[in-house]
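This report concerns only the one structure given below.
The values are calculated or read from the model by the stated rules, or taken from the named source; none is laboratory data. Keep in mind the model is a prediction, meaning the values are calculated, not measured. As a convention, Cβ positions derive from the backbone with ideal geometry for all residues, glycine included, and neighbour counts pool all protein chains shown.
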Amino acid sequence: MRANKASSGIKMWLAVIVVVSVGSCLPVKAQQNVVAQTPPMGWNSWNFFGCHLSDAIVRAQADAMLSNGMKAAGYIYINIDDCWQGKRDERGVLHANDKFPDMKGLADYVHSKGLKLGIYSSPGPKTCAGYEGSFGHEEQDAKTFAAWGMDFLKYDLCSLEGEGDQKAAYKKMGDALRKAGRPMVYSLCQYGMEGVWEWGAEVGATMWRTTDDIRNNFYIAMFMGFSQNGLEKFAGPGKWNDPDMLEVGNKGLSENESKGHMSLWAILAAPLIAGNDLAHMSKATLSILTNPELIAVDQDKAGVQGRRIWQQGPLEIWMKPLADGTKAVALFNLDWGEMPVSLQFSDIGLSGKHSVRDLWSHKDLGTFDQKFTVRIPKHGVALVRVK
């Protein structure tokens, strides 16, 4: 999250997903393996609440995640973003502000729901919103976060410029988390600069942002996702490329656009971190966020990130191999009107006949020979499984 970022207009796109069947104190890397064999799933406060956040709001989000079925679908992290910080005491220990009177108590409450709690800081002196960062207090803050019972740390670049090397700064906190002895998801937020995908795992990170901030704008969200092509070799169990949080359910995206956004994140094996108000959302939004057949694509245990395999004008096809030998395939219509999109099975190493299942309507569509073709309306999305 960065303040005062300008949005830009990007061509509107549309997705169809296909799955084709073919038959105690731990080292940093051990922490990764423990906490994130599949892409982390949860919620973050920033996209919807920004700095208007409190202990009561976080508890309400945890309650909602448990009661509405999101926890059962795989979402487990409740992550507090910026603006929770108070001041450091005479010993340098960081305390929360008045909106969070008891962080340990809040963590205990979230844990009592069978969920995990996350926190936010910066390697610089100040956070993006101008609160206390962890610069010069890395080990001290890591111990504080561990003592509170935190399970996730989002570490945001803001204010580090001029204070030293990015990689060294992120490694310093990675080492501090290891010494603190509590396994945590370590999420680097530095907008994909300095080729973070090449060294993120080296500094102990579990996931790393590969893009600028997302917006509740379909053009921007899909641009973020499509920009991941070529980064697939850096992702896998315990180490994930992160094109930023989900905007599903926030104003600015239609129901069909939200499906396209969610579908692309699934094909990318991206972390699924919801950014809406979980306590007040429509049944349609909840259905999109908890679609079990889509989540299965994202959470596939092989941990392979999808890649682009074909493009012609406004049409694109992406493929994601799955652990059981099937292949998830995403077909995108980037145009403004309804267009037919065809997957030639030979393009993904297949031939002959394959049955197709629609994963949004949860219906079998029949058997197709050599190719699968679907007409996609403007900003519509189809999610299918072929086997």
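Quick notes on this structure:
- Residue count for region 299-326, restricted to those that are under 24 Å from S355 (Cβ atoms), of a type in the set (K, R) and either touching a Gly at 6+ places or on another chain (Cβ under 7 Å) or surrounded by 17 or more Cβ atoms within 10 Å (Cβ to Cβ) (or both): 1
- First in region 290-314 and aromatic (F, W, Y), second anywhere and surrounded by fewer than 16 Cβ atoms within 10 Å (Cβ to Cβ) and not in a loop (DSSP other than H, G, I, E, B), Cβ under 9 Å, 6 or more apart: W310/Q344; W310/D347
- Any hit, region 327-345, residues being in a loop (DSSP other than H, G, I, E, B), surrounded by fewer than 19 Cβ atoms within 10 Å (Cβ to Cβ), at pLDDT 90 or above and more than 22 Å from the chain's Cα centre (by Cα): yes
- Residues in region 136-168 that are among the polar types (S, T, N, Q) and over 23 Å from W240 (Cα atoms) were compared, and the one that is modelled with the lowest pLDDT is S159.
- Test result for R178, of a type in the set (K, R) and within 17 Å of I119 (Cβ to Cβ): yes
- Residue satisfying all of: in region 184-230; of a type in the set (D, E, K, R) and under 14 Å from L157 (Cβ atoms); modelled with the lowest pLDDT among these: E194
- Entirely in region 1-113, the helices (runs of 4 or more DSSP H) that have 2 or more residues that are outside the structural domain of K327 (by TED's automatic domain parsing) and either over 19 Å from F152 (Cα atoms) or modelled with pLDDT of 95 or more (or both): 46-49, 55-67, 70-73, 103-112
Yes or no, residue by residue, for (1) surrounded by fewer than 22 Cβ atoms within 10 Å (Cβ to Cβ); (2) not small (G, A, S):
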| site | (1), (2) |
| --- | --- |
| R88 | yes, yes |
| G114 | yes, no |
| K126 | yes, yes |
| W148 | yes, yes |
| L153 | no, yes |
| L157 | no, yes |
| A168 | yes, no |
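- Filter result for V304 (within 28 Å of the chain's Cα centre (by Cα) and modelled with pLDDT under 95): no
- Subset of region 226-252 (residues that are surrounded by fewer than 24 Cβ atoms within 10 Å (Cβ to Cβ) and within 10 Å of N216 (Cα to Cα)): N250, K251, G252
- Test: residue in region 193-208 that is at positive phi and assigned to a helix (DSSP H, G or I): yes
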